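Chemist: Got a structure for you, questions after.
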Amino acid sequence: MTLLLLFFPISDTLWDLAIAEVEKRESPDDDGKRLEVWEKSILFMGNKNGGKTTIILRCLEREEIPKPTLALEYTFGRRARRHNTPKDIAHFWELGGGTSLLELIRIPITSNNIRSFAVVLVLDLSKPNELWTTMEKLLQVTRNHVNKILTKLEKTNPEVATEIKQRMRNNLQRDHPDYELVDPFPIPLVIIGSKYDIFHFTSKSEALLLKARVLINHLAFGYDKSKSVSVDHGKPLFIPAGLDSLSQIGPPPASESDIGKMCANTPLELWKKVFEKTFPPKSSCDLQDTKDPAQDLQYAEYEVDVMRAQKNQELEQYKRNASKSWKEMDFDSD
């Protein structure tokens, strides 16, 4: 009788893979230098259905049909800077719901990753009545949260706080005509105007998507950024930080008499008033997402849905019983 013994190696556990990855990162390369793995994070936010998911999928080269973002979604990408080197990691966060979920902004931005964090604001050009309100709310909440983190860092790690602030201030040269007027956003910020083809009544342009992809890859993986600049308002704008000025932009498109009636302390406030006169903003109620995500078939889970239906029935029965009890009560009239 012949026995054939087969030995199958036990597959590595997740813990084994993690140890191997750390050892690989810490081992020197052929030049005797330790290879540093970059890890960066980007938060995408903006108008609901504004094209944020589409931009992320293009950057990650994923051929998927974009789905509506429910709340705060996460994905990641990995790229190697050269052959046979550890891959850098980019964390992509996407805030859904427009301005209805502002409290979720604080989740991805922390004191641990703020040095390598960037924000991409995607504004839907086909909805000008929502544009300024959406921009203002999202940027204000983000700025406040980041400033709170920087305030804490000034006490615990002042060198890092100073480095972050100085890095953002360095984007504008001291001889820039608007140097004293500008209050830089505390972390890298990119504003993308989506749906330009609808706004400008043109066909969709792959060149514009490619520009967006190059820009995001620069933020996420440190790739070379585009050197192109376009300040012609008759064409798609592409303006890196510090390469424009209020004098080049010119005054808002309004008569001197109208401008004289507007009370504004800064050029930005003046532009806001002129913009909102042309495109009256929607109320906050109109911008809220009224659809119940619990009814979205995309997120159906049989066990959860059955239990939810049962609890809804129990709640309705409780309401009916409570209503009947109140009606049967005999209140003293005196």
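Chemist: What is the one condition in (1) touching a helix residue (DSSP H, G or I) at 6+ places or on another chain (Cβ under 9 Å); (2) modelled with pLDDT of 90 or more that THR202 does not satisfy?
Modeler: It is condition (2) that THR202 fails.
Chemist: So ASN84 clears everything in (1) without any contact (Cβ under 8 Å) to a residue 60 or more places away in the chain; (2) among the polar types (S, T, N, Q); (3) on the phi < 0 side of the Ramachandran plot except one condition, right? Which one?
Modeler: Failed condition: (3).
Chemist: Hey, LEU153 hits all of (1) without any contact (Cβ under 8 Å) to a residue 40 or more places away in the chain; (2) over 22 Å from the mean Cα position of the chain (by Cα) but one; which does it fall short on?
Modeler: Evaluating LEU153 over (1) without any contact (Cβ under 8 Å) to a residue 40 or more places away in the chain; (2) over 22 Å from the mean Cα position of the chain (by Cα) leaves (1) as the failure.
Chemist: Give segment 228-265 a look and list any residue that's more than 22 Å from VAL182 (Cβ to Cβ) and within 29 Å of the chain's Cα centre (by Cα), or say none.
Modeler: Once the filter is applied, which keeps residues that are more than 22 Å from VAL182 (Cβ to Cβ) and within 29 Å of the chain's Cα centre (by Cα), segment 228-265 yields SER228, ASP232, GLY234, LYS235, PRO236.
Chemist: Between residues in segment 64-76 that are closer than 14 Å to SER100 by Cα and modelled with pLDDT under 85 and residues that are of a type in the set (Ser, Thr, Tyr) and outside any loop (DSSP other than H, G, I, E, B), which pairs lie under 9 Å by C-beta distance while being six or more apart or on different chains?
Modeler: Every condition considered, the pairs that remain are LEU70/TYR299.
Chemist: Identify, from the list LEU268, LEU287, the residue that is within 24 Å of LEU102 (Cα to Cα) and modelled with pLDDT of 85 or more.
Modeler: Answer to the selection: LEU268.
Chemist: Might you let me know whether segment 272-283 holds any residue that is modelled with pLDDT under 85 and among the polar types (S, T, N, Q)?
Modeler: Checked segment 272-283: at least one residue is modelled with pLDDT under 85 and among the polar types (S, T, N, Q).
Chemist: Of all residues in segment 239-251 being not hydrophobic (A, V, I, L, M, F, W, C) and not in a helix (DSSP H, G or I), which is surrounded by the fewest Cβ atoms within 10 Å (Cβ to Cβ)?
Modeler: Only one residue fits best here, namely GLY250.
The values are calculated or read from the model by the stated rules, or taken from the named source; none is laboratory data. Here the structure is a predicted model, which means the values were calculated and not measured. For neighbour counting, all protein chains shown are included, and Cβ atoms are generated from backbone atoms with ideal geometry for every residue, glycine included.
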